[in-house]
Ligand code: GLV
Ligand code: MN
Ligand code: MN
Ligand code: MN
């Protein structure tokens, strides 16, 4: 809690509430400096990989390491725990192990992945996707933020060389096993009365951009019958998303940008972003198809056009069952929970044995300022993480 309090002032967003900390922006860089200082103070050696992920090594770096960590960026107006809890717990777990006189007998690292939320450039898990080759470097480098700053420019400003960005076989080989601790983003552990659990699976999920074009015009002088208003079609997309997401699927429009965006202006275009998730690929694709069909019909009816672009996607992740069961065993048999939230652990799970620990969230709220975890549960998370790391590193 002291560590979280240390960074409580960094990236606090009085306008939205909570925190706005985005990949390679001023506050995320400040958090990276904080992490580097905290890790160095513990005698860890910090290096930054080609894709902007930070690695703090306890002992010499090497292949097949036990790696733990998370991310320091947030969604716009996010909570204090999503990301930082996993990083802080990793550092605290090092302290716990060291206090026991433990010395890792194989390579061991704490990692901070870059731009996990995609809050700035739109693609979640950017650092781990680049590392594993889940996104092409050319595609990643030309992504831009709302000010038009590209990933290439932001990385260069942070001291990285855009020419070196992309799949990193050396970094990937160094990960023998990855464990990410995370605040739970639902009420599973509350309902089960447990402070800590392990993750079983992640829903298939992705992001799609709907660009609706119409005719910009005057709000007072244009008769209703003469309008080609893309906001009308956009509104129908939002409603179609709610209707399509049945049987456990989820569909959200959390961002909608009218152009030019004036109260007395019929917009000439509206961009909106759909986040869709479901149990498997087929169901997720079916949900997006249904919403896309509704968008085409709504656009046609309004004399507009619409294009749909997939911006990122990942199929269902089922975490390594043997690893999950063995970690649960180390913890005395904690519950295993599925989650609808995406994580760097989900990207890495396709490449190396990967597990997640969840810490109880009393309200279940996440991606919002009300996100919370009690100090006792955070402490239980650190103890649990230290126990599983000790087991994995021996
Ligand atoms: C990231 O946290 C996501 O699930 O969108
Ligand atoms: Mn998140
Ligand atoms: Mn997270
Ligand atoms: Mn996430």
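The values are calculated or read from the model by the stated rules, or taken from the named source; none is laboratory data. Predicted, not measured: the structure shown is a model, and the values here were computed from it. Note: ideal-geometry Cβ built from the backbone for every residue, glycine included; neighbour counts use all protein chains shown.
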Is it the case, given these coordinates, that residue 150 is touching a strand residue (DSSP E or B) at 6+ places or on another chain (Cβ under 6 Å) and more than 30 Å from residue 364 (Cβ to Cβ)?
yes
From 357, 323, 337, which residue is surrounded by 24 or more Cβ atoms within 10 Å (Cβ to Cβ) and either away from ligand 3 (no atom under 13 Å from the Cβ) or over 15 Å from the mean Cα position of the chain (by Cα) (or both)?
357
Would a scan of the stretch 176-190 turn up a residue that is without any contact (Cβ under 8 Å) to a residue 12 or more places away in the chain, assigned to a helix (DSSP H, G or I) and over 16 Å from the mean Cα position of the chain (by Cα)?
no
Looking at the stretch 129-151, is at least one residue within 16 Å of ligand 3 (Cβ to nearest atom), under 18 Å from the mean Cα position of the chain (by Cα), in a helix (DSSP H, G or I) and closer than 20 Å to residue 54 by Cβ?
yes
Is it true that some residue in the stretch 28-42 is farther than 22 Å from residue 170 by Cβ and within 16 Å of the chain's Cα centre (by Cα)?
yes
Return the pair list, or none, for Cβ contacts closer than 6 Å from residues in the stretch 72-88 that are over 17 Å from residue 358 (Cα atoms) and near ligand 2 (Cβ under 9 Å from one of its atoms) to residues that are assigned to a strand (DSSP E or B) and at pLDDT 95 or above, at least 6 apart or on different chains.
74/19; 78/19
Kindly provide the set of residues from the stretch 338-356 that are away from ligand 1 (no atom under 12 Å from the Cβ) and assigned to a loop (DSSP other than H, G, I, E, B), ordered by number.
349, 350, 351, 352, 353
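This table checks each residue for (1) crowded, with 20+ Cβ neighbours inside 10 Å; (2) at pLDDT below 95; (3) within 18 Å of residue 162 (Cβ to Cβ).
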position	(1), (2), (3)
98	no, no, no
107	yes, no, no
114	yes, no, yes
117	yes, no, no
124	yes, no, no
132	yes, no, no
137	no, no, yes
Going residue by residue through the stretch 211-218, is there one that turns out to be outside any strand (DSSP E or B) and without any contact (Cβ under 8 Å) to a residue 12 or more places away in the chain?
no
Residue that is at pLDDT 95 or above, crowded, with 16+ Cβ neighbours inside 10 Å and out of contact with any helix residue (DSSP H, G or I) (no Cβ under 6 Å at 6 or more places or on another chain), where the choices are 43, 64, 78, 69
78
